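Let me begin by presenting the structure, written as structure tokens, before commenting on it.
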Amino acid sequence: MKNKEILICDDQEIFIEKFKNNHNGAYTINVERDITNVLNRINEQLPDIVLLDLYHPKDNLVDFNIRKLKAEEELKKLDAQIDITKE
């Protein structure tokens, strides 16, 4: 049986390596480090699973804490919507 194919996109090598170390035997893991290339990769070969690093804080920004709180609020809204959808 063929392994499920995963496309993982993350800008931090440590997270890619950790994922690969934990799951390499169970999945075929393809890596894309540049988010702007993900759609092209998907169009070339549709993976079974796509893992995206969508939130990477840059704590050296002046408005970091405000942006972080706003992102967390939006994630809570998504969680609530998922609960409603599950019903």
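The values are calculated or read from the model by the stated rules, or taken from the named source; none is laboratory data. Quick caveat: nothing in here was measured; it's all calculated off a predicted structure. When the accessible area is computed, the model is the full protein with side chains, heavy atoms only, and any ligands, DNA or RNA have been set aside. Shrake-Rupley method; radii C 1.70, N 1.55, O 1.52, S 1.80 Å.
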Quick check: at a probe of 1.4 Å, how many percent of the accessible area of the chain sits on carbon and sulfur atoms? 53
Could you work out which residue, out of LEU39, LEU69, LEU51, moves most in a Gaussian network model of the chain, that is, has the largest mean-square fluctuation with Cα springs under 10 Å? LEU69
Cα extents of the chain along the three principal axes, largest first, in whole Å? 46, 40, 27
Tilt relative to the chain, helix 13-23 - C-alpha long axis, 0 to 90 degrees, to 10: 50
Quick check: with the 1.4 Å probe, what order do ASP53, ASP83 take by accessible area, largest first? ASP83, ASP53
Quick one: which residues, 5 or more positions from LYS4 or on another chain, have an amide H under 5 Å from its amide H? H modelled 1.01 Å from N in the peptide plane, none for Pro or chain starts. THR28
Please give the helix 64-86 orientation as an angle from the longest Cα principal axis of the chain, in degrees from 0 to 90, rounded to the nearest 10. 60
Taking a probe of 1.4 Å, how large is the accessible area per residue of the chain, in Å²? 84
